[in-house]
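First up is the structure itself, then whatever we jot down about it.
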Amino acid sequence: QVQLVESGGGLVQPGGSLRLSCAASGRIFSIGAMGWHRQAPGKQRELVARIFSGGTISYADYVKGRFTISRDNALNTVYLQMNSLNPEDTGVYYCYVNVATTTYWGQGTQVIVSS
């Protein structure tokens, strides 16, 4: 089994920044893709960003230029630096990792952007 622990969510004013972290532990031999999804109130979960083991990165259009995803393979951790946050970024952010053929999800961390 693989466990994911997320941290870094909270309340921030519009224009502010947050950094999310997600650390994986357990029976891990190698991790493939790592990434973040989010679920806004009343909406479906959607991809925010992902980073593959080789370093390839992709972002949703609405976060390009504002969010940066990175990973530390030695720590089995993925990060999401979020800048220039706006109220539309409010939601629960879930990290995921692919280990072999299985996708594991974090418990979610709440991000609220409000003045």
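Of note:
- When region 42-71 is filtered for residues that are over 19 Å from Trp105 (Cβ atoms), open to solvent by 70 Å² or more (accessible area, probe 1.4 Å) and either in contact with a His (Cβ under 8 Å, 6 or more places away or on another chain) or basic (Lys, Arg) (or both), only Lys64 remains.
- Of the listed requirements (1) surrounded by 13 or more Cβ atoms within 10 Å (Cβ to Cβ); (2) more than 16 Å from Leu80 (Cβ to Cβ); (3) small (Gly, Ala, Ser), Ala23 misses just one: (2).
- Where Ile112 falls short, out of the listed (1) open to solvent by 40 Å² or more (accessible area, probe 1.4 Å); (2) under 11 Å from the mean Cα position of the chain (by Cα); (3) more than 21 Å from Gln3 (Cβ to Cβ); (4) touching a residue at least 60 places away in the same chain (Cβ under 8 Å): (2)
- Which numbered condition Gln39 misses (of (1) surrounded by 15 or more Cβ atoms within 10 Å (Cβ to Cβ); (2) touching a residue at least 12 places away in the same chain (Cβ under 8 Å)): (1)
- Subset of region 97-107 [modelled with pLDDT of 95 or more and open to solvent by less than 20 Å² (accessible area, probe 1.4 Å)]: Val97, Gly106
- Some residue of region 72-80 being touching a Pro at 6+ places or on another chain (Cβ under 8 Å) and open to solvent by 40 Å² or more (accessible area, probe 1.4 Å): no
- Flag if Pro14 is at pLDDT 95 or above, open to solvent by 40 Å² or more (accessible area, probe 1.4 Å) and part of a loop (DSSP other than H, G, I, E, B): yes
- Test result for Asn83, closer than 15 Å to Gly8 by Cα and open to solvent by 40 Å² or more (accessible area, probe 1.4 Å): yes
The values are calculated or read from the model by the stated rules, or taken from the named source; none is laboratory data. It should be emphasised that the depicted structure is a prediction, and the values quoted were computed from it without experimental measurement. Cβ sites come from the backbone with ideal geometry, for glycine too, and all protein chains shown count toward neighbours. Heavy atoms of the whole protein, side chains included, go into the accessibility calculation; ligands, DNA and RNA do not. Shrake-Rupley method; radii C 1.70, N 1.55, O 1.52, S 1.80 Å.
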